[in-house]
Amino acid sequence: MATTLGEKIRLARKEAGMTQKDLAGEEYSAAFISQIERGIIHPSLQSLQVLAARLKRPVGFFMESEADLRERECDWLLLSGRLLGGAGRGARAAKTLQKAAHLAAEISDPRREAEAFSVQAALAKGQGNLDEAEKLYRKGLTAFDEVGATDGAVLCLLGLAAVSERRNQGPEALETYQEALSRADGTKARDPGLRLRVIARLGLAHYRLGDFAAGARYHQEAISLLKAFRSTEDLVGRYLETAQAHYEAGDVGRALAEAAKGRAILDLRTDFIMAAALQANAGLIAEDHGDWEEAGRHFQAALNIHRMAGDRAGEVAALIEMARYHHHGGQTQKAMAVCDEAIASAVAIGDISLQAQGRQVLGKVYADLKENERAVESLAESARLFEQANRSSELADSCYELGELYMAMGERDKALSYFQRATTIFRQLGLASGRGSMDDRMARRMSRPPV
């Protein structure tokens, strides 16, 4: 049933067998009629009288009721609040959303009221007002529950869990995420990406509490869910297609809401990358304690997550860690193959530091195989690239490895030259050995931007 002015005009036009150009006549354009039908613009009373006459309908047929107008006003306030918040105009956004909530209460529309609370809560959380955010999320949760809107309730629970995490209340956040997952598993959840978002956040919450086994299980499930959509881009594309359909139908508010869902899926990429970094760091800790099998499991998990998230730089870093793992385990051919893959990928994305790291590991593998010429070539190239990238500790590592290699080859003068260079760099950095600190490697993993 057509309820808006645009829908009524479209219905009457189609029933009259007219095109938009027919209805426009000489006074107007087909684009003008299209914008009216999609709710983008509203015609003046004079224009409406002309169009009504051509459609052989009374003007009153097209007029919206007072209830329709108040609902439209509420939708416009919600839309304006979202846009103002996204533009960084927090004070105006908050006032606009408060008006939306009050209007929704006046017209007894709990769904719109719940939406207003939810958007206000997200705005407060973004501004660091966690107490206000929690209060509004709980109001939104109650309102969504009253109308049986599972999707909205789950989003409020995700917000509440995020508030708990901001307060460093990890166990409370985990409990809230579990409740969100329980609800998302229900039959009333209509958003296809909602369960994916909950599981990804739940996995990350487990990681932050040090439960890597549980975190890995949830992220593996998230990877499986995402594979059903072929890729992140495929799932986001579905949301954008729905948003476009709503926009063409004149429902800008719903179009914006669907587009926001797509953006939320893209935001998950950051969560996945953080989870991969935590896995990699757990691998580095295990490696430092000599537990290489445990390290390998963490490195492989990090690699899987980076690949799923489409983070190519993170994928290369994880490949290099896997190459080191295979090298330590005596699987030299596998280590060489993984190094070659990592170096090729690093070249493709133009990351000099990752190219250097891959060359360094490959040089060590060649050295163990007594392929000295290839080892020297690879390590020298890694030193050149590290120097170009201004990575001093890794440059010192490569110089030290070259010194060891030349010493084994009996070329003492070259060995001494590289040892002296490495020693100078180590002293400048305050390092006591020929390997960069574990803290430094972890910091690089956590700060590396996605590509």
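Side notes on the structure shown:
- Restricting attention to region 21-48, the residues that are in contact (Cβ under 8 Å) with a residue 60 or more places away in the chain and either assigned by TED's automatic domain parsing to the domain that holds Asp75 or outside any loop (DSSP other than H, G, I, E, B) (or both) total 1.
- Within region 359-418, considering residues that are surrounded by 18 or more Cβ atoms within 10 Å (Cβ to Cβ) and among the basic types (Lys, Arg), the one modelled with the lowest pLDDT: Arg391
- Subset of region 274-324 [at negative phi, touching a residue at least 60 places away in the same chain (Cβ under 8 Å) and not in a helix (DSSP H, G or I)]: Asp311
- Region 1-20, subset surrounded by fewer than 13 Cβ atoms within 10 Å (Cβ to Cβ) and outside any loop (DSSP other than H, G, I, E, B), residue nearest to the chain's Cα centre (by Cα): Lys14
- Applying a threshold of 7 Å to beta carbon distances and a minimum spacing of six or more residues, or different chains, the list of pairs starting in region 123-145 at a residue that is over 16 Å from Lys95 (Cα atoms) and ending at one that is part of a helix (DSSP H, G or I) and acidic (Asp, Glu) reads Ala143/Glu113.
- Filter pass, Val316 being within 32 Å of the chain's Cα centre (by Cα), surrounded by fewer than 22 Cβ atoms within 10 Å (Cβ to Cβ) and either assigned by TED's automatic domain parsing to the domain that holds Ala205 or farther than 25 Å from Arg421 by Cα (or both): no
- Test: residue in region 110-117 that is free of Cβ contacts under 8 Å to residues at least 12 places away in the same chain and either within 30 Å of Glu146 (Cβ to Cβ) or surrounded by fewer than 21 Cβ atoms within 10 Å (Cβ to Cβ) (or both): no
The values are calculated or read from the model by the stated rules, or taken from the named source; none is laboratory data. Everything quoted here is computed from the prediction, not taken from an experiment. For neighbour counting, all protein chains shown are included, and Cβ atoms are generated from backbone atoms with ideal geometry for every residue, glycine included.
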